[in-house]
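Structure record follows, encoded as structure tokens.
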């Protein structure tokens, strides 16, 4: 962009309050980075579904560390003097706009995984039709999205996610030491994430090393847990508690069948936790050569890998060191910079096209 040319960007924030998934963390991290070093390039307005924005102002600003963003209803976004829109939550949650727009589509799981939110396919297709720039989290996700949306692969910009530097140790209510030794599972306990494989693997581990338990940062309702597997289901945990869990675990198990990236892999590595992961989808793009990989769905192979990491201090140390180096390569400032550059390029092209139209009249 030209010096002094600040983009007035409307960010679709409909799902920001309370979203503790990877997407919510992604958006908060990018907004934080832009606020820290890109105020001369982008001015953010949060676009929300509520009509009377004064009733929800505090709720949205609480999610962005009280940064004084302007909050505008979708209904009135056309009067807000914006240059462009960005939809970070997997497609266009609304479509009555005419501004240049970009969207982030994080993966194609809703097209590929059976019965996985198929109703959301419509907002992905809307993004492919209405948005000039489409971003995603990995090369794998870009290829998959191009296939299911039947669009050119060149339309998708792959921008890897990042991780924050490790949080300083802080007092937490959970007695993490009492859980040890434990295998950590971060994310929703669902088949797509390979939780069935993990339970079967832990049953095998339990026969050889009965002292280990599985600690999960979600609930396990509806799952039949093998009799010899001890599971501590914590549900949602805050960032300080998650940091302590990463620090204290014997390893992170990430046997997912389908991922657009695999953020917990890098987060665990940043805290020095060894990682055992599936070699499926985009997971190797996150883990690189710093994880112990097993085929998805292979509970015997997963159990063998867990036992090896848990019992071989030298191998675990090798994974820790490689993981620390790998995580250091992924920072949110790079993700934020590449995201902003893609949006700036879109706005630059839009302005040039508008000037050409004016000159031709």
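Every residue in the range 14-39 that is outside any helix (DSSP H, G or I) and within 19 Å of residue 186 (Cα to Cα), please.
Answer for the range 14-39, where residues must be outside any helix (DSSP H, G or I) and within 19 Å of residue 186 (Cα to Cα): 18, 19, 20, 21.
How about the range 62-85: which of its residues are modelled with pLDDT of 95 or more and under 22 Å from the mean Cα position of the chain (by Cα)?
The answer is 85, and nothing else.
Just for the range 271-284: of the residues that are in contact (Cβ under 8 Å) with a residue 40 or more places away in the chain and crowded, with 20+ Cβ neighbours inside 10 Å, which one is nearest to residue 194 (Cα to Cα)?
278
Tell me, which strands (runs of 3 or more DSSP E) wholly within the range 83-167 include 1 or more residues that are in contact with a helix residue (DSSP H, G or I) (Cβ under 9 Å, 6 or more places away or on another chain) and surrounded by fewer than 20 Cβ atoms within 10 Å (Cβ to Cβ)?
Qualifying strands (runs of 3 or more DSSP E): 156-158.
Part of a loop (DSSP other than H, G, I, E, B), at pLDDT below 95 and outside the structural domain of residue 90 (by TED's automatic domain parsing) - does that describe any residue in the range 171-181?
Within the range 171-181, not a single residue is part of a loop (DSSP other than H, G, I, E, B), at pLDDT below 95 and outside the structural domain of residue 90 (by TED's automatic domain parsing).
Is it the case, given these coordinates, that residue 209 is modelled with pLDDT of 95 or more and either touching a helix residue (DSSP H, G or I) at 6+ places or on another chain (Cβ under 7 Å) or exposed (fewer than 15 other Cβ atoms within 10 Å of the Cβ) (or both)?
So residue 209 does not fit the description; no.
Among the residues of the range 175-204, how many are in contact with a strand residue (DSSP E or B) (Cβ under 7 Å, 6 or more places away or on another chain) and closer than 21 Å to residue 311 by Cα?
So the answer is 7.
Considering only residues of the range 28-43 that are touching a helix residue (DSSP H, G or I) at 6+ places or on another chain (Cβ under 9 Å) and surrounded by fewer than 22 Cβ atoms within 10 Å (Cβ to Cβ), which is nearest to residue 350 (Cα to Cα)?
That would be 41.
Select from the range 308-341 the residues that are surrounded by 17 or more Cβ atoms within 10 Å (Cβ to Cβ) and within 20 Å of residue 207 (Cα to Cα) and list them in ascending order.
Answer for the range 308-341, where residues must be surrounded by 17 or more Cβ atoms within 10 Å (Cβ to Cβ) and within 20 Å of residue 207 (Cα to Cα): 309, 310.
The values are calculated or read from the model by the stated rules, or taken from the named source; none is laboratory data. This one's a predicted model, so the numbers in the text were calculated from it and none came from an experiment. Reconstructed Cβ throughout: ideal geometry from the backbone, glycine too, with neighbour counts over all protein chains shown.
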